[in-house]
Amino acid sequence: MTSSPGRYFGGRKAANRQVRSEALRVAVEIGLVSLVSYLAGFHFTALFHGASAGIGGLWSAISGIVVLQTTRRATWSSAGLRIVGTAVGTTVSAIYLTVMPFSAVAMAACMVATVLVCYGLWIPDHARLAAITVGVIMVTASLSPMMNPLLNAALRFSESCIGTAMAVLAVLVRPGPASQQAS
């Protein structure tokens, strides 16, 4: 059976509309998660350390974007990676910074140690996010050298949790049948 040119192109237009609609939904969702995560992270961090509130907002927004996926299942999986990876990265950074000050070489060494810890704990998928967390904490320490290292690590962990929670909330309230969003 042959199809008419109109039928082919009409199907293509419908597919293009669907792609544009999906792109718009994803873009708006990322924008909203970023905005809400940034504001929540900024205001939360400002309660404890006003000088790093901007970094707190940014870190929350980044976490929300990283965690937000096209399906609920993928978002939940990404959320788990984010939280565990962040916990490893904050722990390594806090331990180092309580003993020594920031240096670029130390930051790299802490990233190496963090990746090795993740592999040692059989969670290699968490290593990249854990290493990124080390970078954020270490750079924050360089910008605010008088900041308590435990507070720095605790704030960065909390901000990551804020962004993660906003992404999870976004997929939970996302319109559409749950069966479409489960895979």
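FYI, it's all coordinate maths here, none of it is from the lab. Keep in mind that this is a model prediction, so the values were computed, not measured. FYI the Cβ positions are ideal-geometry reconstructions off the backbone, even for glycines, and counts take in every protein chain you see.
Summary table
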{"item": "So residue 30, is it of a type in the set (A, V, I, L, M, F, W, C) and either under 14 Å from residue 159 (Cα atoms) or in contact with an Asp or Glu (Cβ under 6 Å, 6 or more places away or on another chain) (or both)", "result": "no"}
{"item": "Residues satisfying the stated conditions in the stretch 50-74, i.e. within 11 Å of residue 166 (Cβ to Cβ) and of a type in the set (Val, Ile, Thr)", "result": "65, 67"}
